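Report on the following structure.
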Amino acid sequence: MRVLLRVLIFAVLAAVAAWGAVAVAAEAASRTARPRGEMIDIGGRKLRLVCEGPRSDRPVVWLEAGAFSGAADFAALQQILAARGLRSCAYDRAGMGWSDRGPSPRDGDAIAADLEALVKASGERGPFVLVGHSMAGLYMRQFAVRNPDQVVGLVLVDAVTPDMMAIPDAQKFIDAATSLSGLGAAAGTLWLTKPLYWMPDRIGLPGFGLAEKRRGFVSGRQARTAYAEVKQWRAAAAQAKAAGDLDPEWPVAVVTAGSRSGRMAEWNAIRNAPATAARHGMVDNVDEATHTSVLGRTWGERVARGVDFVIAAARP
């Protein structure tokens, strides 16, 4: 019995030591990542902005990430757009990535206000093609309605709309995501997320983008900010709806990913509504893609086609 107990104690100590080595190595690796782009002062706070591609008379594409991340998610898509001669800008929301924290609550009003300040301070000339992924569909809608002079059109990528919140399954999803995000925030604060630095790439990012993405995996601050955003999803949906409807003259491309049957059929019918309501609308479902890989090297071309559509449809 004593021998068995000693073996168990040794095994536990070895596991703890191994985890500690992994955590330390992950922390060191995350610190070697240097931010691309520049830090933009929006009035006593700075947000990281990454713009790629040449300046031209063509519209700049402004990219808003979904939950739990920032500019890193668009590293592959920005390369695809740059190869088309298009300039694009992505950023880390307040408290995410390298950006300074922002005031609470982190709801749609706060995020739209930060984006307005960032656009103004960036020196990038609008109007813009607005691209929102996932929950960013809410933020881009609110920004567009509040700033109609800044809008060429929108590309909504597997994006949430305010009307989706009426679906019972969506309510269950939000409850589950809130609980999971709360656990993630606690784990991140205790450094328990450090080994996640080596999680597989689920988007399809170039190496520098993956390094930035992984840095977020191990960041307790980012996990806490993500939780603060998730807790405000219902408020953000209500704020986006209260802001008003999209102008039907704005071209809208909707790009969805994965199955079109079962629950997704109901979800996509609502997701597609902004395109069907627009004078010029496009709907494209990438059957083989996932909610995340639709942004990556393999399937990001389909999102870029949505951008092409919006730019072409907006021409006088």
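Determine the order of I80, I111 by accessible area, beginning with the largest, at a probe radius of 1.4 Å.
On the way: I80 30, I111 5 Å².
Correct descending sequence by accessible area is I80, I111.
Using a 1.4 Å probe and counting only protein heavy atoms, arrange L192, L130, L183 so the residue with the most accessible area comes first.
From most accessible down to least: L183, L192, L130.
Could you order K172, K231 so the one with the most accessible surface comes first? Probe is 1.4 Å.
K172, K231
In the chain, what percent of the accessible surface is made up of carbon and sulfur (1.4 Å probe, ligands and nucleic acids excluded)?
59
Any idea of the accessible area per residue across the chain, 1.4 Å probe, to the nearest Å²? Each step should come with its number before you reach the end.
Working: 14270 Å² over 316 residues.
For the chain, the solvent-accessible area averages 45 Å² per residue.
Can you count the Lys pairs in the chain with C-alpha separation below 26 Å, eight or more apart or on different chains?
Going through the chain pair by pair, I get 11.
Could you please state, rounded to a whole Å, how far the C-alpha centre of the stretch 275-305 is from the C-alpha centre of the stretch 227-247?
22
Give me the accessible area of T290, 1.4 Å probe, in Å² rounded to the nearest 10.
Around 70 Å² of this residue is reachable by solvent.
The values are calculated or read from the model by the stated rules, or taken from the named source; none is laboratory data. Values in this document were obtained by computation on a predicted structure and should not be read as measured data. Remember, those area values only see protein heavy atoms, side chains included, never the ligands or the DNA or RNA. Shrake-Rupley method; radii C 1.70, N 1.55, O 1.52, S 1.80 Å.
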